[in-house]
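Visitor: Structure incoming, see below.
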Amino acid sequence: MEFLGFVEQLNTIEDALEIMAAADHPHATTVLDPFHIFRGGDDMESITKLQAHQIAVSHFNDTPDSPPREEQHDHSRVMPGEGHLDLARYCELLTATGYDGWLSLELFNEQHWAEDPMEVARIGLEKMRTIAEA
């Protein structure tokens, strides 16, 4: 399951952990996403509450510092490194859980829809590698 930063009752890692515990399923996992962590008002350090086996996949994106957090939505996401999130710290915390799975570029920014998909993917991968491999 994925917690969503703009859903009041389910917008933090702590909320995801509660649902996974209530599900009482040995394979319960959550999807991490820097945008949703920021948008939900959670602290990036909350990632330390997770163990690798509780993370299905990690989306990867950034957010601008404006508009305010509470006014941002899916379309507000920008390429990694083009916003204000500390994505290097995000990667450190994710690695510290033991997670060694995928980082999945997730943008709902309409600006990119009009662009060549291969070019968007190439740029996105380059920006992701710059941060994740540092």
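The values are calculated or read from the model by the stated rules, or taken from the named source; none is laboratory data. Note that this is a predicted model, so its numbers are computed, not measured. Here the Cβ is made from the backbone with ideal geometry for all residues, glycine too, and neighbour counts use every protein chain on show.
Visitor: Somewhere in the stretch 14-26, is a residue in contact with a helix residue (DSSP H, G or I) (Cβ under 6 Å, 6 or more places away or on another chain), at pLDDT 95 or above and buried (at least 17 other Cβ atoms within 10 Å of the Cβ)? Give the derivation first.
Guide: Restricting attention to the stretch 14-26, the residues satisfying the condition of being in contact with a helix residue (DSSP H, G or I) (Cβ under 6 Å, 6 or more places away or on another chain) are none.
So far as the stretch 14-26 goes, no, none of its residues is in contact with a helix residue (DSSP H, G or I) (Cβ under 6 Å, 6 or more places away or on another chain), at pLDDT 95 or above and buried (at least 17 other Cβ atoms within 10 Å of the Cβ).
Visitor: Going through the stretch 36-79 one residue at a time, which ones are touching a His at 6+ places or on another chain (Cβ under 9 Å) and more than 17 Å from Phe6 (Cα to Cα)?
Guide: Across the stretch 36-79, the qualifying residues are His53, Met79.
Visitor: Considering only residues of the stretch 84-134 that are touching a Lys or Arg at 6+ places or on another chain (Cβ under 8 Å) and of a type outside the set (Asp, Glu), which is farthest from Ser58 (Cα to Cα)? Spell out how you get there, then give the answer.
Guide: Initially, the stretch 84-134 is screened for residues touching a Lys or Arg at 6+ places or on another chain (Cβ under 8 Å), giving 106-109.
Of the ones still in play, those that are also of a type outside the set (Asp, Glu) are 107-109.
Working: Leu107: 13, Phe108: 16, Asn109: 18 Å.
Per the criteria, the residue is Asn109.
Visitor: It is to be established whether one or more residues within the stretch 47-62 are modelled with pLDDT under 95, farther than 15 Å from Ala96 by Cα and surrounded by 18 or more Cβ atoms within 10 Å (Cβ to Cβ). Give the derivation first.
Guide: Narrowing the stretch 47-62 to residues modelled with pLDDT under 95: none.
No, the stretch 47-62 contains no residue that is modelled with pLDDT under 95, farther than 15 Å from Ala96 by Cα and surrounded by 18 or more Cβ atoms within 10 Å (Cβ to Cβ).
Visitor: Next question. With respect to Phe6, is the statement that it is surrounded by fewer than 18 Cβ atoms within 10 Å (Cβ to Cβ), touching an Asp or Glu at 6+ places or on another chain (Cβ under 6 Å) and either hydroxyl-bearing (Ser, Thr, Tyr) or over 18 Å from Ala132 (Cα atoms) (or both) true? So that I can check it myself, show each step before the final result.
Guide: Working: surrounded by fewer than 18 Cβ atoms within 10 Å (Cβ to Cβ): yes; touching an Asp or Glu at 6+ places or on another chain (Cβ under 6 Å): no; either hydroxyl-bearing (Ser, Thr, Tyr) or over 18 Å from Ala132 (Cα atoms) (or both): yes.
When the stated conditions are applied, Phe6 does not pass them.
Visitor: Of everything in the stretch 13-26, what is under 12 Å from Glu2 (Cβ atoms) and not small (Gly, Ala, Ser)? Give them in sequence order.
Guide: Kept after step one, since they are under 12 Å from Glu2 (Cβ atoms), are these residues of the stretch 13-26: 13, 15-16, 19-20.
Hits for the stretch 13-26 are Ile13, Asp15, Ile19, Met20.
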